[in-house]
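Chemist: Can you read through this structure? Questions will come right after.
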Amino acid sequence: MGLTIHYKLKTKGTATTARKLVEALCQQAHDLPYKEVGNIVDLVGDECDFEKRKRDDPLRWMLIQAHGTVSLSHLPRETEHSSHYVSPKRVIAFTAWPGEGCEESNFGLCQFPATINTERHGKIKTRLDGWRWESFCKTQYSSDPNCGGVQNFLRCHLSVIAMLDKAKQLGCLESASDEGGFWEGRNLEALVKEVGSWNQMIAAFGGKLKDLLGGGIEMPIANYPDFERLELAGQSLLPPEMEQLAKLIKQVCQNPV
């Protein structure tokens, strides 16, 4: 939970074309105020499957985001939302960390197999043509005063936006969605106001969970030095469905399998 930027990349052509695009994006990351930018990795076959990597593998999170999905809803005995995991057959990508409190942002392009074998339906088409990438970066908690507050948040959030601007310029941005509204509106004042509202709402939700469960809840927002003020201010922002979610969490936590 938290303000997040979602994005999809796509292109056609050869591996050389994909590599050049990823190299251009990596150079852009180096030119921006990212805290850390990793090297480009070029993986094939089983190297691309996050399930074949240890949990502490530094590439695992990037490869989790790199996997694709194919819809099964058109097949017999499947529900509207049924899907199947598809591991890439090649990944050209890198990881860039915007800064303290922020998630890593991963950028790259993947090539997927034309078909996969499933236990239930045998061989099916993936329809994942060309080179693709789908990822997200949660910037919310870079606004923590312990990490630098709003100034740090803006640096992190706008760095990811600048990467998407570069991808659009290169012609490989398929879509982008910014929960802060900045991608669409380019309004800094509105972005600052939005992250403040998110902080208040999440703090109120965290406080609600603590009251229901009697403590023991770990949430990044609870580490903010002004957590209690945010919690109080967020009470009026908490939508009814969040109240319902908190009660559901209590029910599930009190009835472990």
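Chemist: With region 1-116 as the region, which strands (runs of 3 or more DSSP E) entirely inside it contain at least 2 residues that are hydroxyl-bearing (S, T, Y) and either in contact with a Leu (Cβ under 9 Å, 6 or more places away or on another chain) or surrounded by 19 or more Cβ atoms within 10 Å (Cβ to Cβ) (or both)?
Modeler: Those strands (runs of 3 or more DSSP E) span 4-11.
Chemist: If you don't mind, another one. In this structure, does Y34 turn out to be touching a residue at least 60 places away in the same chain (Cβ under 8 Å) and of a type in the set (F, W, Y)?
Modeler: yes
Chemist: Pick out the one residue from S159, S135 that is small (G, A, S), more than 20 Å from G68 (Cβ to Cβ) and either touching a helix residue (DSSP H, G or I) at 6+ places or on another chain (Cβ under 6 Å) or surrounded by 15 or more Cβ atoms within 10 Å (Cβ to Cβ) (or both).
Modeler: Testing whether each residue is small (G, A, S), more than 20 Å from G68 (Cβ to Cβ) and either touching a helix residue (DSSP H, G or I) at 6+ places or on another chain (Cβ under 6 Å) or surrounded by 15 or more Cβ atoms within 10 Å (Cβ to Cβ) (or both) leaves just S159.
Chemist: Let me ask something else about it. Quick check on this structure: which one of G68, G122, G101, G108 is small (G, A, S), more than 27 Å from L21 (Cα to Cα) and within 17 Å of the chain's Cα centre (by Cα)?
Modeler: Among G68, G122, G101, G108, only G101 is small (G, A, S), more than 27 Å from L21 (Cα to Cα) and within 17 Å of the chain's Cα centre (by Cα).
Chemist: Cβ-Cβ distance below 6 Å, separation of 6 or more or different chains: which pairs start in region 183-210 with a residue that is closer than 25 Å to E241 by Cα and end on one that is part of a helix (DSSP H, G or I) and among the aromatic types (F, W, Y)?
Modeler: L191/F182; V195/F153; A203/F227
Chemist: Still on this structure, I have one more. Which of the residues belonging to region 124-179 are aromatic (F, W, Y), under 21 Å from G13 (Cβ atoms) and without any contact (Cβ under 8 Å) to a residue 60 or more places away in the chain?
Modeler: Within region 124-179, none qualify.
Chemist: If you don't mind, there's one more thing I want to ask. When you scan region 166-181, do you find a residue that is part of a loop (DSSP other than H, G, I, E, B), touching a helix residue (DSSP H, G or I) at 6+ places or on another chain (Cβ under 9 Å) and modelled with pLDDT under 90, even just one?
Modeler: Looking through region 166-181, none of the residues is part of a loop (DSSP other than H, G, I, E, B), touching a helix residue (DSSP H, G or I) at 6+ places or on another chain (Cβ under 9 Å) and modelled with pLDDT under 90.
Chemist: If the Cβ limit is 9 Å and pairs must be 6+ apart or interchain, which residue in region 217-234 that is outside the structural domain of E103 (by TED's automatic domain parsing) pairs with which residue that is assigned to a loop (DSSP other than H, G, I, E, B) and aromatic (F, W, Y)?
Modeler: Close Cβ pairs (under 9 Å, with a partner that is assigned to a loop (DSSP other than H, G, I, E, B) and aromatic (F, W, Y)) amount to L230/Y224.
Chemist: Tell me whether region 40-51 contains one or more residues that are in contact (Cβ under 8 Å) with a residue 12 or more places away in the chain, within 30 Å of G196 (Cα to Cα) and outside the structural domain of E228 (by TED's automatic domain parsing).
Modeler: For region 40-51, residues in contact (Cβ under 8 Å) with a residue 12 or more places away in the chain, within 30 Å of G196 (Cα to Cα) and outside the structural domain of E228 (by TED's automatic domain parsing): absent.
Chemist: Is one or more of the residues making up region 215-223 assigned to a strand (DSSP E or B) and either modelled with pLDDT of 95 or more or more than 30 Å from K12 (Cα to Cα) (or both)?
Modeler: No, region 215-223 contains no residue that is assigned to a strand (DSSP E or B) and either modelled with pLDDT of 95 or more or more than 30 Å from K12 (Cα to Cα) (or both).
Chemist: Moving to a separate point now. With the structure loaded, tell me whether W97 is under 22 Å from E179 (Cβ atoms), in contact with a Lys or Arg (Cβ under 6 Å, 6 or more places away or on another chain) and among the hydrophobic types (A, V, I, L, M, F, W, C) or whether it fails that test.
Modeler: Taking the combined requirement at face value, the residue satisfies it.
The values are calculated or read from the model by the stated rules, or taken from the named source; none is laboratory data. Note that the structure is predicted; figures quoted are calculated from it, not measured. When we count neighbours, we look across all protein chains shown, and the Cβ atoms used for this are built from the backbone with ideal geometry, even at glycine.
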